[in-house]
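In what follows, a single structure is set out as structure tokens and then discussed.
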Amino acid sequence: MTARDRRGVTIGVLLFALAALLPLASDSYFLSIGVTIAMYTALATSWALFSGPTHYISLATAAFFGIGTYTTGIGIEYMPYWLTLPIAAVIGAVLAALVGVATLRLSGVYFVIFTLGLAELVRQIITWGQNVSGAKGLYVLTSITEEHIYWQLTGLSALVFLAGFLIWRSRLGFAVRILGDDEEVARHSGIHTARVKVLLFMIPGAVAAVTGAILAPRYVYIEPAIAFTPMLSFQVVIMALLGGTGRLWGPVVGVIPFTFLWEAISGTFPNQTTLLLGLSFLVIVYLLPRGFVGLIEEARGRVSRRGAFA
Amino acid sequence: MTPVLSLRGATKRFGGLVAVNELDFDVAEHEVLGLIGPNGSGKSTTLNLISGALPPTAGTISLRGSVISGLPAQDIARRGVARTFQLVRLLPSMTVLENVMAGAVFGHRRRWGHDAEAQAMRVLDLVGLSRRAQAPVGSLTYIDTKRVELARTLAGEPKVLLLDEWLAGLNPTELEEGIALIRRLRDEGRTIILVEHVMDAIRSLCDRCVVMSSGSKIAEGETEEVLNDPGVIEAYLGVEEPAHA
Ligand SMILES: Nc1ncnc2c1ncn2[C@@H]1O[C@H](COP(=O)(O)OP(=O)(O)OP(=O)(O)O)[C@@H](O)[C@H]1O
Ligand SMILES: [Mg+2]
């Protein structure tokens, strides 16, 4: 571990410890914002682990999330709640692997469309299943409190960071960086690019499914329109891009301001949220192509250059 | 002894165009084989077939007797075929050392950690770039980018090296250095296919040559003999005279 790694890990551990204290010090409004931030941190950070280096834009987050929600919704009838989380993770990872094997040989455009379609497809299947069985939705009644949900999501985010850190230092991480730079060179250097992409795509698949599973008790009543909202996929993309995907800590830098901004927007203009979401997407891509990470590193570069000439 | 690499009836069609037409040749161990021919004669396409960048339309290519044609590029690379590209391809976000480590970590002979780094430094030393190991590749001169690419292919200890016009675009001094570098590789006993237009380099480096024209092999043999073959001169004259400079 380099000195820089050690400093990064220390800062990360401290911030997560601090974040874990939030429920002890805040009212229910801030706690609910905390849940939103923790949820999007897990989703956007894991999304960027895959989409950052590969440049494949995945809109499948809602599909995995919804599947996780339903895994807990249905599973809780038959087993203790905590057992539904690893099951959701496995289902999410396996589904991601299947989608990856089917699509990651294709170009990025097909991948975007396919992942968007996937969420809709899964939603239709569940809706159909409910029509056949006659049930409209599912009740998820537990004694799990908002604090518990917050802690679980914060723990999940910490796991995602740990996974990202370990992968970055592994052969897999090196392979991904090479692949992100030049896929042709990667293949000719002996990297099984398809396998690398599939492996990496399983991470956001599993994480989104677990996130959905953790949040199921919060919804109490779940139905396909809640669990599979496509808005979720788009919001994750926007937040990750706003923060920047070039660094592990990038997405969270987008998640926090965007969550507050979004609270304000959806409070003030509840009927124009989709429009404003699209607008913010355009603004981010146009003005901040590398996100806040890009801005920060540019500023740093300028400072150190000035230092060098002084 | 079985040849290191052999092509039998290797063919590539792009729609109606036959870029490589039933090509047969062998490369023996420790041999430097020149693959020459006028522009558009199918040399790069042949390398693409060998390295797996493109699947052949017909024919077989074998490495030490086992068929590699049809395998994906990454499997062929792992079995020991490494190449440079006619237009240099580096990993732009990485340092010189990391570029070379890509070959050391994932190539034919795989290493990791300090081992991979030491190997990358060894080949950087060989190509004369060890002092630039930590430099970002964006800051390199043209010949140095070519050196990095060569080092990346060497780092995995391949059985066969495919160099696609590695000497093209160098000025006279660089060319001399470049030829000396490849001669060193040759003296180390590496097996190389050299696609090249620079006649001086071909004369001084290649044991044998295969000459292509419009996708087909028109001559094969000892370098001097082949270069004096009337059919070869004719093929070159049809496009441009081979540079004797
Ligand atoms: N991917 C491709 N699709 C269609 N045609 C191609 C493709 N690659 C090469 N060709 C054609 O195949 C022929 C042989 O091209 P190739 O690049 O192999 O020639 P070359 O001998 O390497 O020429 P040069 O000396 O200019 O590099 C050319 O007519 C070229 O236009
Ligand atoms: Mg060529």
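The values are calculated or read from the model by the stated rules, or taken from the named source; none is laboratory data. Just so it is clear, the model here is predicted, and its values are computed rather than measured. Using ideal geometry, Cβ is built from the backbone for each residue, glycine included, and neighbour counts are taken over all protein chains shown. Just the protein is used for accessible areas: all its heavy atoms, side chains included, with ligands, DNA and RNA removed. Shrake-Rupley method; radii C 1.70, N 1.55, O 1.52, S 1.80 Å.
Against the definition (modelled with pLDDT under 95 and either part of a strand (DSSP E or B) or open to solvent by 30 Å² or more (accessible area, probe 1.4 Å) (or both)), how does B:Gly70 come out, yes or no? Spelling it out, B:Gly70 is indeed modelled with pLDDT under 95 and either part of a strand (DSSP E or B) or open to solvent by 30 Å² or more (accessible area, probe 1.4 Å) (or both). Tallying residues that are β-branched (Val, Ile, Thr) and within 8 Å of chain A (Cβ to nearest Cβ) within region B:93-113 yields 1. Scanning region B:81-92 for residues that are within 19 Å of A:Arg177 (Cα to Cα) and more than 7 Å from every other protein chain (Cβ to nearest Cβ) turns up B:Val88, B:Leu90. Of the residues that make up region B:201-213, is at least one in contact with a Gly (Cβ under 6 Å, 6 or more places away or on another chain), over 26 Å from B:Ile233 (Cβ atoms), crowded, with 22+ Cβ neighbours inside 10 Å and of a type outside the set (Val, Ile, Thr)? No.
So for region B:151-160 (the condition being closer than 30 Å to B:Asn228 by Cβ and modelled with pLDDT of 90 or more), does at least one residue qualify?
The answer is yes, given that some residue of region B:151-160 is closer than 30 Å to B:Asn228 by Cβ and modelled with pLDDT of 90 or more.
When B:Gly37, B:Gly59 are checked against the criterion of being within 7 Å of ligand 1 (Cβ to nearest atom) and surrounded by 17 or more Cβ atoms within 10 Å (Cβ to Cβ), B:Gly37 stands alone in meeting it. Taken over region B:40-56, the criterion of being within 12 Å of ligand 1 (Cβ to nearest atom), within 14 Å of another protein chain (Cβ to nearest Cβ) and among the hydroxyl-bearing types (Ser, Thr, Tyr) is satisfied by B:Ser44 alone. If we scan region B:102-111, do we find a residue that is surrounded by fewer than 16 Cβ atoms within 10 Å (Cβ to Cβ) and of a type in the set (Gly, Ala, Ser)? Within region B:102-111, not a single residue is surrounded by fewer than 16 Cβ atoms within 10 Å (Cβ to Cβ) and of a type in the set (Gly, Ala, Ser).
Scanning region B:1-17 for residues that are open to solvent by less than 50 Å² (accessible area, probe 1.4 Å) and not small (Gly, Ala, Ser), we see that the one that is farthest from B:Ser69 (Cα to Cα) is B:Pro3. Looking at B:Ala102, B:Ala77, just one residue is under 14 Å from A:His188 (Cα atoms), modelled with pLDDT of 95 or more, in contact with a Gly (Cβ under 7 Å, 6 or more places away or on another chain) and more than 16 Å from ligand 1 (Cβ to nearest atom), and that residue is B:Ala77.
Against the condition assigned to a helix (DSSP H, G or I), within 12 Å of another protein chain (Cβ to nearest Cβ) and among the aliphatic types (A, V, I, L, M), how does B:Ala118 come out, does it pass? Here the answer is no, as B:Ala118 does not meet what is asked.
Is it the case that region B:150-167 has a residue that's part of a helix (DSSP H, G or I), more than 13 Å from chain A (Cβ to nearest Cβ), out of contact with any helix residue (DSSP H, G or I) (no Cβ under 6 Å at 6 or more places or on another chain) and away from ligand 1 (no atom under 16 Å from the Cβ)? Walk me through it before giving the result.
Residues of region B:150-167 that are part of a helix (DSSP H, G or I), as a first pass: B:150-155.
Okay, now just the ones that are also more than 13 Å from chain A (Cβ to nearest Cβ), so B:150.
Narrowing the set further to residues that are out of contact with any helix residue (DSSP H, G or I) (no Cβ under 6 Å at 6 or more places or on another chain) leaves B:150.
Checking which are away from ligand 1 (no atom under 16 Å from the Cβ) leaves us with B:150.
Looking through region B:150-167, at least one residue is part of a helix (DSSP H, G or I), more than 13 Å from chain A (Cβ to nearest Cβ), out of contact with any helix residue (DSSP H, G or I) (no Cβ under 6 Å at 6 or more places or on another chain) and away from ligand 1 (no atom under 16 Å from the Cβ).
To keep it simple, each residue is scored yes or no on (1) without any contact (Cβ under 8 Å) to a residue 60 or more places away in the chain; (2) open to solvent by less than 50 Å² (accessible area, probe 1.4 Å); (3) outside any helix (DSSP H, G or I).
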site: A:Leu215; (1), (2), (3): no, yes, no
site: A:Arg218; (1), (2), (3): no, no, no
site: A:Ile265; (1), (2), (3): yes, yes, no
site: A:Phe281; (1), (2), (3): yes, no, no
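For region A:149-207, a residue qualifies if it is under 14 Å from the mean Cα position of the chain (by Cα) and either within 12 Å of another protein chain (Cβ to nearest Cβ) or open to solvent by less than 10 Å² (accessible area, probe 1.4 Å) (or both), and the qualifying residues are A:Leu153, A:Ser157, A:Val160, A:Gly164, A:Leu200, A:Phe201, A:Gly205.
If I ask for residues that are hydrophobic (A, V, I, L, M, F, W, C) and in a loop (DSSP other than H, G, I, E, B), which ones from region B:179-217 would you list? Matches in region B:179-217: B:Val198, B:Cys206.
One residue stands out among those in region B:1-45 that are assigned to a loop (DSSP other than H, G, I, E, B) and among the acidic types (Asp, Glu): the one that is farthest from ligand 2 (Cβ to nearest atom), which is B:Glu29. For region B:46-56, the tally of residues that are within 16 Å of ligand 2 (Cβ to nearest atom) and open to solvent by 10 Å² or more (accessible area, probe 1.4 Å) stands at 3.
Could you grab me the full set of residues in region B:132-149 that are in a loop (DSSP other than H, G, I, E, B) and hydrophobic (A, V, I, L, M, F, W, C)?
Within region B:132-149, B:Ala133, B:Ala135, B:Leu140 qualify.
Out of region B:81-101, which residues are open to solvent by less than 70 Å² (accessible area, probe 1.4 Å), of a type outside the set (S, T, N, Q) and in a loop (DSSP other than H, G, I, E, B)? Scanning region B:81-101 gives B:Phe85, B:Val88, B:Leu90, B:Leu91, B:Met94.
Restricting attention to region B:126-171, the residues that are within 16 Å of ligand 2 (Cβ to nearest atom), open to solvent by 10 Å² or more (accessible area, probe 1.4 Å) and not aliphatic (A, V, I, L, M) add up to 2.
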